[in-house]
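Participant: Below is a structure I'd like to ask you about.
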Amino acid sequence: MQTLTILGATGSIGKNTLDVVKRHTDKYQVYALTANSDYQTLLSQAKDFNAQHIVLADVSVKDDALALAASMKVTVKCHFGADALVYVSRHAEVDTVMAAIVGAAGLLPTFAAVEAGKRVLLANKEALVMSGEIFMSKAKQCGATILPIDSEHNAIFQCLPQRFEYGDLSASGISKILLTGSGGPFLETDLELFSDITPAQACAHPNWDMGQKISIDSATMMNKGLEFIEACWLFGLQNDDIEIVLHPQSTIHSMVQYTDGSVIAQMGLPDMRTPIAHALAYPARIQSGVSPLDFSQLRDFTFSTPCHKRYPNLYLALRAARMGQSACTVLNAANEVNVAAFLAGDISFNDIARFNAQVLDTHQLVKLTTIEEVIQCDNAAREIAQSAISESLC
Ligand SMILES: NC(=O)c1ccc[n+]([C@@H]2O[C@H](COP(=O)([O-])OP(=O)(O)OC[C@H]3O[C@@H](n4cnc5c(N)ncnc54)[C@H](OP(=O)(O)O)[C@@H]3O)[C@@H](O)[C@H]2O)c1
């Protein structure tokens with residue numbers, strides 16, 4: 001029996017994780033579930049899965065949450081505030097932590113799970129983008145196992161040889177990692193129309209059903225840029241080891257190309273329950289609830305290269321990856337601020353890349369050696385990004 005904490009249980013990944021867990025209650029039991037403020041969903045999940053603890057990071061919902069818990073007669077211990085996220089991540093009773101909080105808010109609880117040597121199912125890519133080397137060396141030092149949940153990284157993980165040499169592709173007989181991406185909802189949209197794109201249009205991903213932030217990042221392809229940085233850290237890759245390939249059908253989730261000319265691809269329907277089930281059960285396999293691919297229904301199967309003009313955010317992320325760690329940290333922070341401003345209707349779709357570039361262009365690289373320094377760097381970049389938005393609104 002594996003005991004689980006699910007950070008971000010009320011989100012898209014969190015709900016998909018619980019959907020897999022409910023099929024295997026003989027194998028997984030829930031220790032804690034967390035959310036930011038959605039206490040109604042969290043309490044109903046806690047009741048359904050008999051969780052011992054819930055955490056709501058937003059303390060302002062405390063009174064309402066406690067009143068609802070009492071009226072629902074849920075016997076769960078309720079905690080409030082971000083510190084409690086860390087508590088349920090590193091608790092001795094927990095074997096596995098699903099890290100599925102969106103954005104930088106996930107860094108500290110995910111890092112706490114790493115420090116406690118847990119099996120960490122990593123969906124929260126921003127944590128790794130912000131703190132790559134610190135995060136990975138802490139995992140090594142503390143004996144934490146990191147299993148990728150992002151469908152692309154999970155696919156790469158599945159396609160790697162059993163004896164993969166971290167950081168040395170040629171020693172493993174690999175020539176390239178092919179990171180695929182759909183291109184999002186605006187793959188064919190006339191560039192002239194980009195300035196009028198609305199949040200609702202940008203959130204409507206053609207293949208995947210995801211939270212708002214990652215949906216916008218998929219539309220700008222910043223998501224692929226963050227994934228590029230994530231892949232470098234997860235598998236010890238150099239920038240030139242990875243090629244980004246557009247594959248609009250999202251049937252192949254990524255590939256590994258070997259020196260003998262073989263290419264191994266992982267395929268499946270675009271449904272996050274597959275990588276979640278894979279990581280939960282690894283190295284075993286369990287039912288995920290996902291239907292098998294029906295090859296008689298697969299029509300188009302196309303590949304191309306992403307264009308600079310259409311996806312400037314992708315190329316900003318690749319530039320940050322070449323610059324170094326603090327550039328990735330500040331770009332991630334600026335992007336979170338700018339995506340939130342776009343969702344709030346304060347800036348246009350094109351402004352996301354324009355304001356992200358302003359922050360990256362003015363960044364002076366600094367060496368980040370601790371998580372506290374990473375958070376300081378993130379906060380400073382958020383202030384710069386926020387003031388650029390405020391100036392533009394004056
Ligand atoms: N969705 C996907 O298919 C997918 C695929 C690959 C990777 N990922 C990655 O997985 C992560 C989660 O994505 P998602 O799509 O599941 O996001 P989501 O649907 O927006 O859910 C986010 C979760 O994080 C919680 N949260 C938000 N802000 C928080 C804060 N300040 N403190 C504590 N908890 C907070 C939310 O709680 P409330 O509900 O209370 O707001 C919710 O439970 C992201 O890093 C994303 O890049 C997602």
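Participant: Rounded, prolate or oblate: pick one for the chain, where a ≥ b ≥ c are the square roots of the eigenvalues of its C-alpha gyration tensor, a/c under 1.5 means rounded, and failing that, prolate if a/b is larger than b/c, else oblate.
Facilitator: rounded
Participant: On to the next question. Please build a GNM for the chain, connecting alpha carbons under 10 Å apart, and tell me which residue among Leu160, Leu68, Leu318 fluctuates the most.
Facilitator: Leu68
Participant: Find the centroid of the Cα atoms in the stretch 215-239 and in the stretch 70-107, then give the distance between the two in whole Å.
Facilitator: Here the two parts' Cα centres lie 27 Å apart.
Participant: Another one. What aspartates and glutamates sit close enough to Lys62 to cross-link, taking a C-alpha to C-alpha distance under 13 Å and skipping anything fewer than 8 places away on the same chain?
Facilitator: Asp38
Participant: Using the per-residue mean of other Cβ atoms lying within 10 Å as a proxy for protection, in what order, highest first, do the peptides 181-187, 274-280 fall?
Facilitator: 274-280, 181-187
Participant: Once you list every other residue whose beta carbon is under 14 Å from the beta carbon of Gln287, what net charge do they have if Lys and Arg are +1 and Asp and Glu are -1?
Facilitator: +2
Participant: Of the candidates Gln238, Gln376, Gln212, which one comes out as most mobile in a Gaussian network treatment of the chain with C-alpha springs shorter than 10 Å?
Facilitator: Highest fluctuation of the listed residues: Gln376.
Participant: Continuing with this model, one more query. Which whole-angstrom value gives the distance between the alpha carbon centres of the stretch 109-132 and the stretch 256-332?
Facilitator: Result: 19 Å between the Cα centres.
Participant: On to the next question. Computing the accessible area with a 1.4 Å probe over protein heavy atoms, can you report the carbon and sulfur percentage for the chain? Display every interim value, and only then the final one.
Facilitator: Values: 8430 of 17030 Å².
Taking all protein chains in place, the chain shows 50 percent carbon and sulfur surface.
Participant: Quick one: what does P(r) look like for the stretch 204-259 with 10 Å bins over all Cα pairs, in whole %?
Facilitator: 19, 51, 27, 3
Participant: Normalised by the number of residues in the chain, what is the relative contact order in percent for Cα pairs under 8 Å and 6+ residues apart?
Facilitator: 15
Participant: Counting other C-beta atoms within 10 Å, and keeping those with at most 11, which DSSP coil chymotrypsin sites (Phe, Trp or Tyr not before Pro) do you find in the stretch 270-341?
Facilitator: Phe301
Participant: Further, regarding this structure: Filter the cross-link list Lys27/Lys224; Lys27/Lys125; Lys22/Lys176; Lys15/Lys309; Lys77/Lys118; Lys118/Lys224 down to pairs whose alpha-carbon distance in this structure exceeds 29 Å.
Facilitator: Lys27/Lys224; Lys22/Lys176; Lys15/Lys309
Participant: Gaussian network model of the chain, Cα springs within a sub-10 Å range: biggest mean-square fluctuation belongs to which of Leu191, Leu107, Leu368?
Facilitator: Leu191
Participant: Taking amide H positions as placed 1.01 Å from N in the peptide plane, with prolines and chain starts having none, which residues 5 or more places from Lys77, or on another chain, fall under 5 Å of its amide H?
Facilitator: Here His53, Ile54 satisfy the definition.
Participant: How large is the accessible surface of Tyr166 in square angstrom, using a 1.4 angstrom probe and rounding to the nearest 10?
Facilitator: We get 120 Å² for Tyr166.
Participant: While we're here: Write down the accessible area per residue of the chain in Å², having rolled a 1.4 Å probe over the full set of protein chains. The partial results should precede the final answer.
Facilitator: Values: 17030 Å² over 394 residues.
That works out to 43 Å² for each residue.
Participant: Would you calculate, for the chain, the mean residue ellipticity at 222 nm contributed by helices, counting each DSSP H stretch of 4 or more residues as -39,500 (n - 2.57) and dividing by all residues, to the nearest 500?
Facilitator: Mean residue ellipticity, 222 nm, calculated: -14500 deg cm²/dmol.
Participant: What lysines sit close enough to Lys367 to cross-link, taking a C-alpha to C-alpha distance under 18 Å and skipping anything fewer than 8 places away on the same chain?
Facilitator: Leaving aside lysines fewer than 8 places away in the same chain, those within reach of Lys367 are Lys138.
Participant: Then there's this: Among DSSP beta bridges lying fully in the chain, give the percent that are antiparallel, nearest 5.
Facilitator: Of those bridges, close to 25 percent are antiparallel.
Participant: Trypsin sites (Lys or Arg not before Pro), restricted to the stretch 26-79: which are DSSP loop and have at most 10 other Cβ atoms within 10 Å?
Facilitator: Qualifying residues, ordered by number: Lys73.
The values are calculated or read from the model by the stated rules, or taken from the named source; none is laboratory data. Computed from a predicted structure; not experimentally measured. Cβ: placed from backbone, ideal geometry, glycine included. Neighbour counts: every protein chain shown. Heavy atoms of the whole protein, side chains included, go into the accessibility calculation; ligands, DNA and RNA do not. Shrake-Rupley method; radii C 1.70, N 1.55, O 1.52, S 1.80 Å.
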